[in-house]
1. Taking residue 304, is it more than 21 Å from the chain's Cα centre (by Cα) and at pLDDT 95 or above?
2. Mind listing whichever residues of the range 265-283 are outside any helix (DSSP H, G or I), at negative phi and either crowded, with 16+ Cβ neighbours inside 10 Å or without any contact (Cβ under 8 Å) to a residue 40 or more places away in the chain (or both)?
3. What's the total number of residues in the range 151-179 that are farther than 18 Å from residue 326 by Cβ and either assigned to a loop (DSSP other than H, G, I, E, B) or not assigned by TED's automatic domain parsing to the domain that holds residue 273 (or both)?
4. Can you find, within the range 222-234, the residue that is nearest to the chain's Cα centre (by Cα) among those that are surrounded by 23 or more Cβ atoms within 10 Å (Cβ to Cβ) and closer than 17 Å to residue 206 by Cβ?
5. When the range 31-60 is examined, which residues are found to be assigned to a loop (DSSP other than H, G, I, E, B) and under 17 Å from residue 343 (Cβ atoms)?
6. Run down 70, 63, 96 and say which single residue is in a helix (DSSP H, G or I) and under 22 Å from residue 338 (Cβ atoms).
7. Please state which of the following conditions residue 357 fails to meet, knowing it meets all the rest: (1) more than 24 Å from the chain's Cα centre (by Cα); (2) assigned by TED's automatic domain parsing to the domain that holds residue 167; (3) at pLDDT 95 or above; (4) surrounded by fewer than 16 Cβ atoms within 10 Å (Cβ to Cβ).
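The values are calculated or read from the model by the stated rules, or taken from the named source; none is laboratory data. These numbers come from a predicted model, not from an experiment. Cβ coordinates were reconstructed from backbone atoms using ideal geometry, including for glycine residues, and neighbour counts include every protein chain displayed.
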């Protein structure tokens, strides 16, 4: 029988060049900052915090990147899910403009970290393509292009012919090429951040389950199954994988799933597909993603969980979609599919919560985990080493549970499953 704790959680888990790190906590300890969660946010917090002189200790229940980080698509995108003008409308001109500017610069910052720490994650900064699935989708991309270009961003609106040339399929009505963006092996990036954080002096304890939080004499006690960590401050960097450690934390977002399937290496017969190395996602309400890896595999995915015995339905969906997009490709053999969780907020804007004194929880990345997690980690490290709270990318806010969260989650799950079944026929 396969051990679920040692089985690969995704294609990226066994294809990344960065080594894994495994070192459970061994008894009680103390630190300045305890970080629960070994994904992008937690590891970025540890790396930047240690670089600023904080004694940081990461606690991860499974392995590095076991949650959304190691199951990610690997698109290093700029900005939020929303177009710039809508961000400003929701947050105001000053904060909205600042946030749009900061997030527009984050792909550069992620790639600079990769270069500085020589993270082996197959980085490719050739842009990403937001592809129009319909004329209405193209109209939306046209508005987005206009708003980004007004801010001086290097984005290009692609004609249908240009999109076909870059993607290898004529199924799209156009596209938006964002030259700031790129692709990485997402697990490689997570493990590389862990290596860099340890090199800066942070401690990382994997396979250590944080089970209870308690405030005592101005410090936090993080009780785990392998000992207790005493810390002045705690960051809950669990996002969509928040459980019951802090009551009610999981009620602050709606959970959706995103599944992916990787083909076998396709060699020369897939040379025309995304030949520039860009990653792609489309404008459909139930979006799908497509990219290549360094070995010539196609990785295709969509909203929803893996379905069917051994993922049979999800694999069939992948074969059907690739045949529809690329009729000359020929038969492909999708491997074992996987899925991860995404934390969605009602307005598609992430949150920074202070749950109590010295206890922080960034939440709701809305599918932009690589840049957002890296940004929030840096911002929290700055804050906890003395920076002005006004320097945060978004103000700290009190937690507000989402009404009918379970009903929404159930609806999304059913709708995505039905879509997967319909497109597999």
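1. no
2. Those that are outside any helix (DSSP H, G or I), at negative phi and either crowded, with 16+ Cβ neighbours inside 10 Å or without any contact (Cβ under 8 Å) to a residue 40 or more places away in the chain (or both): 265, 266, 271, 272, 273, 278, 279, 280, 281, 282, 283.
3. Number satisfying all stated conditions: 7.
4. Result: 222.
5. Within the range 31-60, 37, 38, 39 meet the criteria.
6. Of the residues listed, the single one that is in a helix (DSSP H, G or I) and under 22 Å from residue 338 (Cβ atoms) is 70.
7. Unmet condition: (2).
The rows are residues; the columns are (1) free of Cβ contacts under 8 Å to residues at least 24 places away in the same chain; (2) outside the structural domain of residue 32 (by TED's automatic domain parsing); (3) within 25 Å of residue 291 (Cβ to Cβ).
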{"position": "306", "(1), (2), (3)": "no, yes, yes"}
{"position": "311", "(1), (2), (3)": "no, yes, yes"}
{"position": "317", "(1), (2), (3)": "no, yes, yes"}
{"position": "320", "(1), (2), (3)": "no, yes, yes"}
{"position": "331", "(1), (2), (3)": "yes, yes, yes"}
{"position": "367", "(1), (2), (3)": "no, no, yes"}
{"position": "407", "(1), (2), (3)": "yes, yes, no"}
